[in-house]
């Protein structure tokens, strides 16, 4: 529940966000002890969701470890819990270009279409902005319609599908 700051100190990061249906979701910066819960979340995604998130069906342990150990400096991660289980993980990792980062996001299959992805991206953008990140990139598979249609991706029109010529 702490997030490293540029000055080397740590600060508590817990945020409650309002979802489209009026429910709230508690977001927090993960800590190393969240590793198993994050890995279980990734391993529990439906095959299609896991394929979209990882661009294949590879192992999830290395990514889960990186999320759990994100310092908030070069890599920042957020997890959302519902009834004690991790239901969403979003992160960004700084790129070589100053002020740019690549984002990644996954939402539990049973909780998609509630606005969780949008809220996660909004929070990443706010936290990134505090750290000098002004551009986010994402590699999204052309048939990943839920992510392409996420209103948190301002460069894409809401509900966008594959674009011709892509």
| Which value does Rg/Rh take for segment 53-111 over its C-alpha atoms, Rh per Kirkwood? | 0.99
| query | Looking at segment 2-148 from every direction and averaging, what is the projected area of its Cα convex hull in nm²? | reply | 8.5 nm²
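Read-outs: derived from the displayed coordinates by stated rules, not from any lab. As the structure is a prediction and not an experimental result, all values here were calculated from the model.
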